[in-house]
Amino acid sequence: MKEPIEQIAEWIVTSMRVVVFTGAGLSTESGIPDFRSPGGVWDRYHPEDFYFQNFLASESSREKYWQMATEMFEPIKKARPNPAHLAIAEMEKMKRLDCVITQNIDGLHLKAGNSNDKILELHGTAMFVSCLNCHKRYDRDTIQERIKRGEKAPRCDDCRGPLKPATISFGQSMPEAETQEAYHRSSLSDLFIVIGSSLVVQPAASMPLVAKRNGARLVIINRDPTPYDDMAEIVLHGQAGPTMAGILEMVKMKLGRGNPAIP
Ligand code: APR
């Protein structure tokens, strides 16, 4: 039996459609806390305060939302891609990646070098703000400047509608096109690699099941156990950064030095 890292690398080299599925655990090594680990976001805030219905309900709950969202945006703004993000970007360069399906709102896959059309953001993005009424988009930094100058729950310049970070809150409908495309790609994949997700939030967490049901091999790289570990061919309970860096080195070795696909 090959070492798991070597086996995963071999599958990345020999598979036709490799899909990578990422969660907040991918970005903790970039300084962004995840949601359900000790000290994570849901340790510090009540998830109910983030429910979409609450945001729509009153000015005071929008002010509370923006206060929390501003605190959460600080580490996101400073964050740099870590070796796991960079390995996924290199997989794309080596034409070993079909797409990356992410629950993350931090924009680090794009910063790492994955191209926009290869990234499916299921939970939106924190990098932009949009009006819930006319859907006008604003750059996040511009709105954070307005908050610094004293606005508590910013409103749209055009229609005075409430502004909200372009993330998908609990109770808010998922982005249709991205979700459909993610299901489609998951069903076509022959290797599905989960990195840094507790796999407890639906419908995102059903993507590995869709892949598995359609014959894909499932690999899970996550520090803690997940509800799907038993279904996976390989489970590695380790840190995403060093694990993905090791897999990438092995992929390069297997693809062979001097191969034009090797950057
Ligand atoms: N390397 C590997 N795994 C890690 C690392 C790391 N450096 N750091 C954390 N983890 C693992 C944790 O063990 C945990 O199981 O990543 C997982 C992160 O799980 P969650 O915090 O639940 O994050 P995620 O799965 O992305 O949450 C899904 O829930 O709150 C909503 O919208 C939010 O997109 C988010 C969704």
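Remarks
- Elements of type helices (runs of 4 or more DSSP H) contained in the range 1-64, each with 2 or more residues being at pLDDT below 95 and surrounded by 13 or more Cβ atoms within 10 Å (Cβ to Cβ): 41-44
- Every pair of residues 6+ apart whose Cβ atoms lie under 9 Å, when the first sits in the range 103-122 and is at positive phi and surrounded by fewer than 22 Cβ atoms within 10 Å (Cβ to Cβ) while the second is modelled with pLDDT of 95 or more and assigned to a loop (DSSP other than H, G, I, E, B): Gly107/Ala79; Gly113/Pro81
- Residue that is of a type in the set (Lys, Arg) and either within 20 Å of the chain's Cα centre (by Cα) or near the ligand (Cβ under 10 Å from one of its atoms) (or both), where the choices are Arg17, Arg44: Arg17
- Matching strands (runs of 3 or more DSSP E) fully within the range 67-148 where at least 2 residues are within 23 Å of Pro208 (Cα to Cα), within 16 Å of the ligand (Cβ to nearest atom) and in contact with a helix residue (DSSP H, G or I) (Cβ under 7 Å, 6 or more places away or on another chain): 99-102, 119-121
- Checking each residue in the range 22-33 for being of a type in the set (A, V, I, L, M, F, W, C) and farther than 15 Å from Leu236 by Cα picks out Ala24, Ile32.
- Applying a threshold of 7 Å to beta carbon distances and a minimum spacing of six or more residues, or different chains, the list of pairs starting in the range 185-206 at a residue that is within 18 Å of Ile8 (Cα to Cα) and ending at one that is assigned to a helix (DSSP H, G or I) and among the aromatic types (Phe, Trp, Tyr) reads Leu191/Trp11.
- Set side by side, the residues Ala69, Ala9, Ala57 differ, and just one is among the small types (Gly, Ala, Ser) and closer than 30 Å to Ile247 by Cα, which is Ala9.
The values are calculated or read from the model by the stated rules, or taken from the named source; none is laboratory data. Quick caveat, the model's predicted, so the values are computed rather than measured. Because the Cβ atoms are built from the backbone with ideal geometry, glycine has one as well, and the counts that use them run over all protein chains shown.
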